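Notes for the one structure printed next.
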Amino acid sequence: MVHTRHSRRWPSIAHRAKERINRYEPSADGSTPLEGNEKPRMADQKLKSCMVALLDWLPEDGRDSAAREILECETDDMLYDLFENIRTCLLAPLKAAGSNSAFRTPIEREESIDLVDSTLGGPQKREDQFWEDILRRDNHRCVITKSLDWQKWEEMGEPEDLDSDYIEAAHIIPFSLASWKAVPGDTYNVSQFWEALYRYFPAVRRVIRPETINDRSNGFCLRDDILKAFGSFGIAFVPTVRRISILYAKSATY
C-alpha cells in the first residue's frame, strides 16, 4: 500500500507514478488486440496524457488516490483497466452530460459503489427555481465576460452602454447525472459516476449529492458559446485567490 497523505512526499510519489505511466506500452493502433490472450485496449493511445493530467490537475486528496492506484498497477492491463474505468465512469459521463455506457469497475470497488447506490434517492427533476436563482445571484451576467442576459437588457430599456448576449444558467455537474431512467443497470451506472467523482474530488461529497444537484453551489451563468466549450472540455476553470481564471485547451486529453 502506498501512502501519499503528506504533501512533502508528493513530488517523489508523483515522479514514481509518472514513471509507471511512461512504462506503459500501447497497442499498435489503439484499437486492435495485442498478441496472445491479452484483451483489446480501445483508445489507449490517450492513456499516458490522460493519467499524467490527472496527477497534475486533480485536487490534493484526489491526486493521492490516483497516484496510489497507478502505483498498484503491476501490469499494463491493470493500468489500462484503471484508465478505462476513469474514462468511462467519470470523464465520458461529464463530457456527454450523462452517458449510459460504463466500464465494470474492479471488484474491490463494488462495496463503495453499493454504498453510494444505497444512498441514492429517486431521480431528480429540473427546477425553474434553480435557473431563476442562478441568474439573480450572478446579476444576469456571464461570470466570465460580464455581458448581460439579453432579456434582462431588454427589460432595462436596451441601454447602449451595456453589452448583451445569450446567457444560460447552467449546472456544473450535469443535471442528467442525477436523473436516470427506471431501466436495469441505469442506477448502478449513476452510482459508478458518483463513486468515481467522490474518489477523485473528495471535497465535492460535502457540497453536492444527486439530491442537491439543483443547489445554487452547483451552478453559474455563462454565455452560450462558453457554456458549450465548458461542456465539451474546451476550457477549464483554474482556482485563484482574487478572480476567475480559465485555461483554454485545443482538445481533450482523453
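The values are calculated or read from the model by the stated rules, or taken from the named source; none is laboratory data. Nothing here was measured: the structure is a model prediction, and the numbers come from that model. For neighbour counting, all protein chains shown are included, and Cβ atoms are generated from backbone atoms with ideal geometry for every residue, glycine included.
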* Asked: Of these, A97, A102, which one is surrounded by 15 or more Cβ atoms within 10 Å (Cβ to Cβ) and at pLDDT below 90?
  -> A102
* So which residues in segment 61-78 are in contact with a helix residue (DSSP H, G or I) (Cβ under 7 Å, 6 or more places away or on another chain) and either touching a residue at least 40 places away in the same chain (Cβ under 8 Å) or in the same structural domain as P174 (by TED's automatic domain parsing) (or both), if there are any at all? -> D61, G62, R63, S65, A66, A67, I70, L71, C73
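What tally of residues in segment 147-169 results from selecting those that are free of Cβ contacts under 8 Å to residues at least 60 places away in the same chain and outside any loop (DSSP other than H, G, I, E, B)? Before the answer, list the steps.
Step one: list which residues in segment 147-169 are free of Cβ contacts under 8 Å to residues at least 60 places away in the same chain, which gives 148, 150-169.
When the remaining residues are screened for being outside any loop (DSSP other than H, G, I, E, B), the result is 148, 150-155, 164-165, 167-169.
Total meeting the criteria: 12.
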